[in-house]
Every structure is written in structure tokens, then in C-alpha cells.
Amino acid sequence: AIGCQSILSAHLAPKDTLLPIKIIISGLNRTHPEVVTRELTFVNGEKTSLKELRNEIPTNQDNIYNLGLFNEVQISSQILDEKIWVLIDLKERWFIIGSPILDFEERNSYDILDALRRRSLRRIVYGAKVDWRNVGGNNETLAFGAQWGFSKKINVQFYRPAVFPKQKID
């Protein structure tokens, strides 16, 4: 083990030397790698020191968590072969979430309280909603909802947070 460490340390550069970054992302099943890399404060090939990069890791972890797509985000870095290797290990979360709808179709809170006092369920609505997050791997959301009762409604929504991701226009 001592011989291996001396060979490895011969290939390592000091922590304050400027070296190019090489990013490796693992754990993606549905999400596209570009969704993760656009949240990072550094890019492949950029030259930086290991010390500066390690100071940025908490910010980058928060940026990736804020996407709402991952349960776990682990970022580690190491110098090897005159490059800083950044390993990003991710665990994606469930993407299809259902929820019930139960509400009153009253104009305001006073009317809701009045309806409850009178035990009137005439203006009640019920139904279900399904949100499908990360539909195509670009952090989009597709939502379907249907309600019955006092008023009937069918609702379909599509949301894509990064319309032009390279220009950072949302």
C-alpha cells in the first residue's frame, strides 16, 4: 500500500496549481446531463485550483438540489493525471405524484363557513390531479387534473423551466 501511495502522489499536483476540470456525472436515469451541468458554477475544461473548486462544492450541491429532481447529491474532487476530476453522484427521485382534490366553490371564506354551518355540500368539488415531473429529462412538468361536483373541469398543464438553456432565458 505504501508503494502505491508514492506512485500515486508522483502523479498528483499541489492543491493550488491551476488545472483543467473534467466532470463525470453518475446516477442519471431519466434526467439529461445538460440539466445538471447548467447548474454548476464551473465547466468542463475550465482551469482552476483544487482549493477553489472545493470551496464551490456546497454552492453547486445546493444548485443541483434546488432543481427538485434528486434525493441525494454528492460531489467529490480529486487531482489525477494533471486534471481535476469532479465526480457528481446523484440519486433521482420519484417523478409521478398523484393528489386528491376536495374543495368548496364559494366566493370567499365567509361563504365557506356559512355553508359548513348550514351543513350544505351543494357547492363541493372533488377529483384528482397527477403531476409528472421530468417528463422528457429536461425538468419539465406535465399535470393532468379532473374535478366533478358543483363545477366540472379538466385541466392539462405543461411547464418547461428552461426554454433557451444556453442563453439562460427561462
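The values are calculated or read from the model by the stated rules, or taken from the named source; none is laboratory data. Predicted, not measured: the structure shown is a model, and the values here were computed from it. All Cβ positions, glycine included, derive from the backbone under ideal geometry; neighbour counts span all protein chains shown. Quick note on the areas: whole protein, heavy atoms, side chains included, nothing else; ligands and nucleic acids left out. Shrake-Rupley method; radii C 1.70, N 1.55, O 1.52, S 1.80 Å.
So here's what we get for this one:
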| quantity | calculated |
| --- | --- |
| Of the criteria (1) in contact (Cβ under 8 Å) with a residue 24 or more places away in the chain; (2) open to solvent by less than 90 Å² (accessible area, probe 1.4 Å), which one I57 fails | (1) |
| Given (1) aliphatic (A, V, I, L, M); (2) surrounded by 15 or more Cβ atoms within 10 Å (Cβ to Cβ); (3) within 15 Å of the chain's Cα centre (by Cα), index of the condition L19 fails | (3) |
| Residue ID - surrounded by the fewest Cβ atoms within 10 Å (Cβ to Cβ), chosen from residues in region 80-121 that are of a type in the set (G, A, S) and free of Cβ contacts under 8 Å to residues at least 12 places away in the same chain | S109 |
| Criterion violated by L50 - all others in (1) surrounded by 14 or more Cβ atoms within 10 Å (Cβ to Cβ); (2) under 30 Å from L18 (Cα atoms); (3) out of contact with any Ser or Thr (no Cβ under 9 Å at 6 or more places or on another chain); (4) without any contact (Cβ under 8 Å) to a residue 40 or more places away in the chain satisfied | (3) |
| Members of region 126-148 that are open to solvent by less than 30 Å² (accessible area, probe 1.4 Å), in a strand (DSSP E or B) and touching a Leu at 6+ places or on another chain (Cβ under 9 Å) | G127 |
| Among the residues listed as E105, E92, E52, E46, the single one being at pLDDT 90 or above, among the acidic types (D, E) and within 26 Å of A143 (Cβ to Cβ) | E92 |
